[in-house]
Amino acid sequence: MKLTDLPHFQIFKNKKVKVLRHKDSKIELWNLYASGKFERYQNGQSWDVFGDAEYIISFIAERNKYAKFAGVWEVKSKRGKANGVQYQTKEIKGFDDFKTRLIVNWGEGTRSWAQLLERQGDKEIVEILPPNYVLDFPGFYNFALTFDQLFEIVTNPDSNREWQRMLVSVSGVYVILDKKSGLQYIGSAYGFGGIWNRWKNYSKTFSGGNKLLEELLKKYPTRYKQFQFSILRVLEPSSTKNEVLEQETLLKIKLGSRAFGLNSN
């Protein structure tokens, strides 16, 4: 099935439309999208990417040659500026059901990130993800979740069942990074529910009952929005409490999170 086989996109068949696959090695685009700043980012380009397009259908690059749908915008105007082109756009309503869910195969020409819909831009649809799906589970050591991502994952386990299945299955040592200050908190999870249950607690309490995190949040109540979660070491669920705590202590020493971080013990 092609993009324009969906009724929502058929209205663009006889329009001048560019299809974009945004990718940026310096910026986490989905974080930008979640914060409402993606349109501003998109509207400033170093060259006339949109050309004479009346509309743009935007995607953000996913693994390999895939891309995830971000929205549709009408191009209202454009003007030159010192370092490129500035556009004025207006987002088109009616596509919310597909945002962050519709995945297309961009094909081999990923370097060609702006394409005409009537030519190469009518992409093959790979899948439509479940509502509230966040992202694929990439492996225990290959992610750094924002608080918002973690919250969506643990509050929508059916849509993110691979995350639940994998994190329940292991004990381990994790790190919470306060991106505002750069300070780290190192903690561990063991016993029933593994890392999943421990992180689920953070999604509800923000601090997880940790002393210095509680003090930080008393001073800055919304600071949890700057927390980033990742795993430092995975252990078998059969590992004893003492075995897990030994690894936690070792990593606190290696990373200096007691002297220069958010660990109080």
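Identify the residue in segment 1-29 that is modelled with pLDDT of 95 or more and touching a Leu at 6+ places or on another chain (Cβ under 7 Å) and, among all such residues, is nearest to Val126 (Cα to Cα). The residue in question is Val19.
Kindly indicate whether Asp97 is under 23 Å from Glu118 (Cα atoms), among the charged types (D, E, K, R) and either touching a Gly at 6+ places or on another chain (Cβ under 6 Å) or surrounded by fewer than 20 Cβ atoms within 10 Å (Cβ to Cβ) (or both). Before the answer, list the steps.
Details: under 23 Å from Glu118 (Cα atoms): no; among the charged types (D, E, K, R): yes; either touching a Gly at 6+ places or on another chain (Cβ under 6 Å) or surrounded by fewer than 20 Cβ atoms within 10 Å (Cβ to Cβ) (or both): yes.
Here the answer is no, as Asp97 does not meet what is asked.
In summary, strands (runs of 3 or more DSSP E) completely within segment 5-109 and bearing 2 or more residues that are free of Cβ contacts under 8 Å to residues at least 40 places away in the same chain occur at 55-61, 66-81. When you scan segment 219-234, do you find a residue that is over 25 Å from the mean Cα position of the chain (by Cα), at pLDDT 95 or above and not small (Gly, Ala, Ser), even just one? Yes, segment 219-234 has at least one match. Scanning segment 54-77 for residues that are more than 15 Å from Asp24 (Cα to Cα) and at pLDDT below 95 returns no hits.
If you go through segment 176-203 and keep only what is under 20 Å from the mean Cα position of the chain (by Cα) and at negative phi, you end up with Ile176, Leu177, Asp178, Lys179, Lys180, Ile195, Trp196, Trp199, Lys200, Tyr202, Ser203.
Yes or no, residue by residue, for (1) free of Cβ contacts under 8 Å to residues at least 60 places away in the same chain; (2) more than 30 Å from Arg63 (Cα to Cα); (3) touching an Asp or Glu at 6+ places or on another chain (Cβ under 9 Å); (4) surrounded by fewer than 20 Cβ atoms within 10 Å (Cβ to Cβ):
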residue: Pro131; (1), (2), (3), (4): yes, no, yes, yes
residue: Asn142; (1), (2), (3), (4): yes, no, no, yes
residue: Ser188; (1), (2), (3), (4): no, no, yes, no
residue: Gly191; (1), (2), (3), (4): yes, yes, no, yes
residue: Lys204; (1), (2), (3), (4): yes, yes, no, yes
residue: Leu216; (1), (2), (3), (4): yes, yes, yes, no
residue: Glu246; (1), (2), (3), (4): yes, yes, no, yes
residue: Leu250; (1), (2), (3), (4): yes, yes, no, yes
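Restricting attention to segment 140-152, the residues that are among the aliphatic types (A, V, I, L, M) and assigned to a helix (DSSP H, G or I) add up to 1.
The values are calculated or read from the model by the stated rules, or taken from the named source; none is laboratory data. Predicted model only: the values in this text are computed from it and were never measured. For neighbour counting, all protein chains shown are included, and Cβ atoms are generated from backbone atoms with ideal geometry for every residue, glycine included.
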